[in-house]
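Just below is one structure, and these are the notes that go with it.
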Amino acid sequence: MSISGRFMHRKDRNFSAQSGLKALGRLKAGEMNKTEAAYAASLEERRLAGDVLSWQFESVTLAIGGGVRYTPDFMVMTSDREIQFHEVKGSRAIFEDDAKVKFKVAASAFPMFHFFVAFSRSKSSGGGFDVEEAACRIA
């Protein structure tokens with residue numbers, strides 16, 4: 001298992017058979033969608049408040065075995081110098097099985113890091129994000 005600083009292109013996924021929801025195709029590497037941009041703004045607020053030292057978008061690719069790679073949306077360094085990886089999703093319904101598996105495998109394969117998934121809340125629910133740590137993290 002290794003970490004690479006190069007961007008890896010993800011395959012476009014236009015349809016989730018399980019949920020029946022359409023997901024937008026992937027943007028070019030390094031470009032954020034609206035949900036990711038909103039999360040970046042929240043990370044920047046946390047940086048200005050001193051909770052986060054720095055954050056980067058799609059800056060690290062993890063090799064998780066068998067030629068499979070996973071690029072988390074954000075790498076975050078907290079004020080206590082903890083490295084975290086954050087995956088951002090517009091809703092729980094579009095967190096597809098292959099993405100869930102890669103996320104969980106990465107969390108298990110790299111126990112020295114903390115992995116989080118952030119789900120966007122609707123405006124009627126107050127907006128913002130529900131952030132959950134990976135349950136499979138090994139301490």
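Figures for the structure shown
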read-out: Residues with amide H under 5 Å from that of Ser59, placed H, sequence gap 5 or more; value: Met75
read-out: Global form of the range 88-131, assessed from the alpha-carbon gyration tensor, a/c cut-off 1.5; value: oblate
read-out: Amide H within-cut-off set for Ser91, under 5 Å, with H built and near neighbours excluded; value: Ser120
read-out: Interchain or long-range residues, amide H under 5 Å from Phe115's placed H; value: Phe85, Ala134
read-out: Under 25 Å from the Cα of Lys28 - lysines, other chains or at least 8 residues apart; value: Lys11, Lys89, Lys100, Lys102, Lys104
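The numbers here are math on the coordinates, done by the rules we state, and not lab data. Everything numeric in this text was worked out from a predicted model, so none of it was measured.
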